[in-house]
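Working notes for the structure below.
The values are calculated or read from the model by the stated rules, or taken from the named source; none is laboratory data. What you see is a predicted model; the values in this text were computed from it and never measured. Cβ coordinates were reconstructed from backbone atoms using ideal geometry, including for glycine residues, and neighbour counts include every protein chain displayed.
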Amino acid sequence: MEKDNIESWAEEFKKIGKEVTLQSHKTLVRYGEKATKLYLILKGGMVLLHVHPITGEERAINFFIPEFHPIATVSQSLVMGEPSKYHLKTFTNTKLIELNWKGVEAMMERTNISRQFQEYGVKTLLEKNELRALLIVLSSEEMLHYLHENYPHILRNVPSKYVANFLGITPQWLSKLKHKL
């Protein structure tokens, strides 16, 4: 997302939301809860963890940082009103603007931000789908190289334990692979 868009959205979002600073490892949406808010990340970041419905095992499937998918939520739960299949939590101290979804919908009706918001949603959905497809077809080393080339800010800002989990490998193996980059 363009930095200018984030800054203009931050100004609009501050009018209807509240600026909050959260500590690391704060869970904002738990498995089974319904998401009612979204968050514009100003500093820090979050991880979206899929929770296996039987074992409870968690798997990182997306990251939210100012430079990559800065609007965080559990989309399926928020839009469809379904219980979440995920945990959404901070991985570092995080500054954000917290927004109630109904307030965002009302804002989109009265401002010209709606089209930008829709374009952002489509763009992030396409990026997420591409990353998940690559996770299926690439080796962990190839995927790490892809992230390094295309999304270096993820590797700079997201803790290695979550990147390793996203890749389906141990943090120790990730460390070895990073030395090959």
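With respect to the conditions (1) hydrophobic (A, V, I, L, M, F, W, C); (2) out of contact with any His (no Cβ under 9 Å at 6 or more places or on another chain); (3) part of a strand (DSSP E or B), Ala35 falls short on a single one, namely (3). Pairing residues of segment 139-151 that are closer than 14 Å to Phe68 by Cα with residues that are exposed (fewer than 15 other Cβ atoms within 10 Å of the Cβ) and not small (Gly, Ala, Ser), at Cβ distances under 6 Å and at least 6 apart in sequence or on separate chains, gives His148/Leu181. Just one of the listed residues (Leu48, Leu42) is under 18 Å from Asn165 (Cα atoms), in contact with a Lys or Arg (Cβ under 9 Å, 6 or more places away or on another chain) and part of a strand (DSSP E or B), namely Leu48.
Each row is one residue, and each column tells you yes or no for (1) of a type in the set (Gly, Ala, Ser); (2) surrounded by 22 or more Cβ atoms within 10 Å (Cβ to Cβ); (3) on the phi > 0 side of the Ramachandran plot; (4) at pLDDT 90 or above.
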{"residue": "Gly56", "(1), (2), (3), (4)": "yes, no, yes, yes"}
{"residue": "Phe68", "(1), (2), (3), (4)": "no, no, no, yes"}
{"residue": "Pro83", "(1), (2), (3), (4)": "no, no, no, yes"}
{"residue": "Tyr86", "(1), (2), (3), (4)": "no, yes, no, yes"}
{"residue": "Thr90", "(1), (2), (3), (4)": "no, yes, no, yes"}
{"residue": "Thr94", "(1), (2), (3), (4)": "no, yes, no, yes"}
{"residue": "Glu98", "(1), (2), (3), (4)": "no, no, no, yes"}
{"residue": "Thr111", "(1), (2), (3), (4)": "no, no, no, no"}
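Here Trp101 meets the list (1) in contact with a Ser or Thr (Cβ under 8 Å, 6 or more places away or on another chain); (2) hydrophobic (A, V, I, L, M, F, W, C); (3) free of Cβ contacts under 8 Å to residues at least 60 places away in the same chain almost entirely, failing just condition (3). For segment 164-175, the set of residues classified as touching a Lys or Arg at 6+ places or on another chain (Cβ under 9 Å) and either within 18 Å of His87 (Cα to Cα) or buried (at least 16 other Cβ atoms within 10 Å of the Cβ) (or both) consists of Asn165, Phe166, Gly168, Leu174, listed by residue number. Of all residues in segment 70-80, those satisfying the criterion of being of a type in the set (A, V, I, L, M, F, W, C) and crowded, with 22+ Cβ neighbours inside 10 Å are Ile71, Ala72, Val74. Within segment 113-157, being surrounded by 12 or more Cβ atoms within 10 Å (Cβ to Cβ), more than 25 Å from His179 (Cβ to Cβ) and touching a strand residue (DSSP E or B) at 6+ places or on another chain (Cβ under 8 Å) holds for Tyr120, Thr124, Lys128. Restricting the first member to segment 108-135 and to residues that are within 23 Å of Arg59 (Cβ to Cβ), and the second to residues that are surrounded by 14 or more Cβ atoms within 10 Å (Cβ to Cβ) and of a type outside the set (Val, Ile, Thr), the beta-carbon pairs closer than 7 Å and six or more apart or on different chains are Thr124/His69; Lys128/Asn62; Leu134/Met143; Leu134/Tyr146; Leu135/Met143. The number of residues in segment 66-85 that are in contact (Cβ under 8 Å) with a residue 12 or more places away in the chain, in contact with a Lys or Arg (Cβ under 9 Å, 6 or more places away or on another chain) and of a type outside the set (Val, Ile, Thr) comes to 9.
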